[in-house]
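Trainee: Before I ask anything, here is the structure I am working with.
The values are calculated or read from the model by the stated rules, or taken from the named source; none is laboratory data. All figures in this text were calculated on a predicted structure; none of them were measured in a lab. All Cβ positions, glycine included, derive from the backbone under ideal geometry; neighbour counts span all protein chains shown. Just the protein is used for accessible areas: all its heavy atoms, side chains included, with ligands, DNA and RNA removed. Shrake-Rupley method; radii C 1.70, N 1.55, O 1.52, S 1.80 Å.
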There are 2 protein chains.
Amino acid sequence: MLTQLALHDNGVPIYVQLRDQITALIGRGVLKPGMRIPTMREVAVELRIDLNTVQRAYAELERAGFLTLLRGRGTYVAQPPPIRARKPDAAVLAAKVAALAKAEGIAPDDLIAALKALKRA
Amino acid sequence: MLTQLALHDNGVPIYVQLRDQITALIGRGVLKPGMRIPTMREVAVELRIDLNTVQRAYAELERAGFLTLLRGRGTYVAQPPPIRARKPDAAVLAAKVAALAKAEGIAPDDLIAALKALKRA
DNA sequence: TCCATTGTATGATAACTATCATACAATGGC
DNA sequence: GCCATTGTATGATAGTTATCATACAATGGA
């Protein structure tokens, strides 16, 4: 995983870059549920950043339900909850996602296409 | 242009969001060379942020060659804006979004369906 | 039982970010 | 020339971010 992480000097806080890049890796299926990911210290040393910075990213990812932190054992990609075909929930998420896409200047159709492409990968 | 800007509370500094969203608008051709864009004060009032914050974004965009600032007259999209105008990457957003859906237990197909429904609304 | 590993926590410090207030400086229209 | 508009600049303040140093706490294997 470490080789896929790249921090840039573009004004975005390090912990945000780390958090979002790990989220993206999970979304792409590079990191799968149950997988163990590098320890906070490994990430800190490899990326030459502070342990506290990594902890912040990991902690946010745990709160968001992406990771499971086990003291003394390591960090794992969270087991996703059972998929329910609840359309209302999907609608709420879709609204949020549409706002994100708009902010980044991505057309809804392009996002839909990219999501479909992800499924095939 | 103002209606196309949306700031989020996601840890990314406001001036970075503003800067990147404007470069995306230029990259997409929504803002064309020679066009006048809103004054710093207009942006500050509309987005309810500080004038200094807008100034920072505009100043960085000028240094990067995207904008031309003319005192007393306003701000214009630079005559040939850099070729390196940032093009939004739908795949990156899709990866993040897929992870969000996974964490909430929403099937990708349901999210796609909900996004399509939004378009019709 | 030890002990290395790994996550968790605290406190200090410097740098950065956002806001507020205020003012200056150039431009162009009248 | 006057003056509204708009970009430019400064200084203060509060909150955030990154780093450093250090320590504690739970886990599992030897």
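Trainee: Keeping to segment A:103-121, report how many residues are more than 18 Å from A:ARG28 (Cα to Cα), surrounded by fewer than 17 Cβ atoms within 10 Å (Cβ to Cβ) and modelled with pLDDT under 90.
Mentor: Summing the residues that are more than 18 Å from A:ARG28 (Cα to Cα), surrounded by fewer than 17 Cβ atoms within 10 Å (Cβ to Cβ) and modelled with pLDDT under 90 in segment A:103-121 gives 0.
Trainee: Here's a follow-up. Does segment B:55-70 hold any residues that are within 13 Å of DNA strand C (Cβ to nearest atom), within 16 Å of the chain's Cα centre (by Cα) and without any contact (Cβ under 8 Å) to a residue 40 or more places away in the chain, and which are they?
Mentor: Within segment B:55-70, B:GLN55, B:TYR58, B:ALA59 qualify.
Trainee: While we're on this one: Scanning segment B:83-112 for residues that are touching a helix residue (DSSP H, G or I) at 6+ places or on another chain (Cβ under 7 Å) and more than 7 Å from chain A (Cβ to nearest Cβ), which turns out farthest from B:LEU67 (Cα to Cα)?
Mentor: Checked segment B:83-112; the qualifying residue farthest from B:LEU67 (Cα to Cα) is B:LYS87.
Trainee: Filter segment A:6-15 down to residues that are free of Cβ contacts under 8 Å to residues at least 12 places away in the same chain and either within 10 Å of DNA strand D (Cβ to nearest atom) or assigned to a helix (DSSP H, G or I) (or both), then give me how many there are.
Mentor: Residues flagged as free of Cβ contacts under 8 Å to residues at least 12 places away in the same chain and either within 10 Å of DNA strand D (Cβ to nearest atom) or assigned to a helix (DSSP H, G or I) (or both) within segment A:6-15 amount to 3.
Trainee: Does B:ASP20 meet the test of being within 15 Å of the chain's Cα centre (by Cα) and open to solvent by 60 Å² or more (accessible area, probe 1.4 Å)?
Mentor: No.
Trainee: Taking into account only those residues within segment A:70-82 that are more than 7 Å from chain B (Cβ to nearest Cβ) and out of contact with any Phe, Trp or Tyr (no Cβ under 9 Å at 6 or more places or on another chain), which is surrounded by the most Cβ atoms within 10 Å (Cβ to Cβ)?
Mentor: A:TYR76
Trainee: Out of everything in segment B:21-67 that is touching a Gly at 6+ places or on another chain (Cβ under 9 Å) and closer than 26 Å to A:TYR15 by Cα, what residue ends up being farthest from the other protein chains (Cβ to nearest Cβ)?
Mentor: Filtering segment B:21-67 for residues that are touching a Gly at 6+ places or on another chain (Cβ under 9 Å) and closer than 26 Å to A:TYR15 by Cα, the one farthest from the other protein chains (Cβ to nearest Cβ) comes out as B:GLU60.
Trainee: Here is a further query. Looking at A:ALA90, A:ALA98 in this structure, which one is in contact with a Pro (Cβ under 8 Å, 6 or more places away or on another chain) and open to solvent by less than 50 Å² (accessible area, probe 1.4 Å)?
Mentor: Unique residue meeting the criteria: A:ALA98.
Trainee: Next question. Report yes if some residue within segment A:2-15 is more than 30 Å from B:ALA57 (Cα to Cα) and open to solvent by 50 Å² or more (accessible area, probe 1.4 Å); otherwise report no.
Mentor: Yes, because at least one residue in segment A:2-15 is more than 30 Å from B:ALA57 (Cα to Cα) and open to solvent by 50 Å² or more (accessible area, probe 1.4 Å).
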